[in-house]
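The values are calculated or read from the model by the stated rules, or taken from the named source; none is laboratory data. This structure is a prediction, so every number in the text was calculated from the model and none was measured. FYI the Cβ positions are ideal-geometry reconstructions off the backbone, even for glycines, and counts take in every protein chain you see. For accessibility, only protein heavy atoms count, side chains too; no ligands or nucleic acids. Shrake-Rupley method; radii C 1.70, N 1.55, O 1.52, S 1.80 Å.
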Amino acid sequence: MSKGTRSIKIAILGLGVVGNGVLETLTYKKNAFKDQFASELDVSYILVKDLNKPRELYSSNALITDDYERILSDDSVDIVVEVMGGDQPAFDYIKRAMENGKSVVTANKEVISKHGQELMSIASINGVHLLFEASVGGGIPIIRPLSKDLNANDVDAIRSIINGTTNYILTNMTYMGSTFAEALDEAQTLGYAESDPTNDVEGIDAVYKLSIMASLAFRSQILPQDVYREGISNLTANDFKYAKELGYVIKLMAIAKRQDSEIDIRVHPSLLPEEAPLAKVNGVYNAIQVHGDLVGHVLFQGQGAGGNATASAVVGDIIDVSGDLVRNATPVSYIGNGKEFPIRSIAELVSRYYIRLTVEDRPGVMAKLTDVLGSKAISIASIIQKESDTSLNSAELVITTYPSKEADVQDALNDISELDVVRSIGSTIRIESGSAD
Ligand code: NAP
Ligand code: HSE
């Protein structure tokens, strides 16, 4: 059946959390979509890895296969929906689909983050669509706003919580007293976590998403390796306790700022004042604050992971592409050829810091610590002895600083770790201001 008619043939690659959500939505809302958008969305194929796995197919008539070549060689397939995940073979499948004249909708942040520009140009050469709304923020509309609705702005800042799994874990550790392992297990059961949770917990998933948003917002190609990254696996129960006592919560923040023609871009745990809007974003919810010169601050918030929320974004893209196919409209490229801004080193960052360390519990310790910090021009905002262990003759100290340069703080921590009175340096966490700037 040729393009330009009302019937759109779809192949879904992957039938996991997202694939199931997409298939279920396309099955149960088929008639409503036909009435509203004048296109009949038919799922012709579903590609899986393991044909023997038991599956729910929601009365779909689609052919379930493990042979991608079969889908590729079927000229009636208009849209390939890639929801398998990972770099390969997903990248190869997306590329070949477009080279064979098929439009692509994907939820794959890794592929878009690493190969977005190349794929955009393949889409453009072949006159097909490549949409990826679900790649960032699950069900939250953010790709279209950054690519289209905010086009009149110079966007200079994005501050976000964009990993549902880590936000779920951090929220449970903060408010439920869960251990890290218990909270991760729950997030996996609920379908939020990536198949390899390292990507969530170590901030890699957030790096992919942030690099996609920053590339769109700053019209500059930003690759995953440009983003400074720290995960949440080194945080301890004491950090959550002390943060709370100081009036903060701990969040995995993904931040991108354009300053003096350079880009400051990073993913790491941060202390946020309890009253800050982003501090109140809990569980699997994600939130993205964007600042543009005309619009000021805008906040996007919603479920950042899960089958239905993500299907909302994927199916929205499918409807969008279908409409264009039916109208024969020319595809619009999302990633333009913008100016390339240099990336600012993390060493240049100026931030406030929370530092937790274990020291010997004896006179003169504070003087030695404050000497080192003073010698690096690091001004102390507070220093509190939290807990003593008399059997070990040790005490835990929490220091917060005024704004200091990252390079100076790292130098000071090196020197501090060599002091004879210091047993270990526990955590160093940057403190974010509550304001959106
Ligand atoms: P998932 O539950 O692990 O499902 C992956 C599916 O892909 C499975 O059905 C698997 O087949 C299939 N698959 C994997 N490799 C394949 C291959 N080489 N050939 C054929 N089929 C293959 O993953 P998911 O959570 O749905 O995530 C899918 C994508 O959506 C990822 O890019 C992810 O980052 C993104 N995403 C996920 C969420 C979320 O909340 N989960 C939210 C936003 C975006 P089998 O069933 O045979 O194993
Ligand atoms: N694992 C991801 C998360 C899924 O937890 O946010 C959504 O991309």
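Worth a mention:
- Of the strands (runs of 3 or more DSSP E) that lie entirely inside the range 28-111, those containing 2 or more residues that are of a type in the set (Val, Ile, Thr) and open to solvent by less than 10 Å² (accessible area, probe 1.4 Å) span 79-82, 103-106.
- Positions within the range 76-101 being charged (D, E, K, R) and either within 16 Å of ligand 1 (Cβ to nearest atom) or touching a residue at least 60 places away in the same chain (Cβ under 8 Å) (or both), in sequence order: ASP78, GLU82, ASP87, ASP92, LYS95, ARG96
- Failed item, numbered, when PHE132 is tested on (1) within 16 Å of ligand 2 (Cβ to nearest atom); (2) open to solvent by 30 Å² or more (accessible area, probe 1.4 Å): (2)
- Residue within the range 257-264 that is surrounded by fewer than 23 Cβ atoms within 10 Å (Cβ to Cβ), within 15 Å of the chain's Cα centre (by Cα) and at pLDDT 95 or above present: no
- Annotation: ASP154 fulfils all but one of (1) within 10 Å of ligand 1 (Cβ to nearest atom); (2) in contact with a Gly (Cβ under 8 Å, 6 or more places away or on another chain); the unmet one is (1).
- The range 397-435, residues that are closer than 30 Å to VAL298 by Cα, outside any strand (DSSP E or B) and open to solvent by 20 Å² or more (accessible area, probe 1.4 Å): TYR402, PRO403, SER433, GLY434, SER435
- Counted residues, the range 151-172 - those being surrounded by 17 or more Cβ atoms within 10 Å (Cβ to Cβ) and farther than 23 Å from SER433 by Cβ: 5
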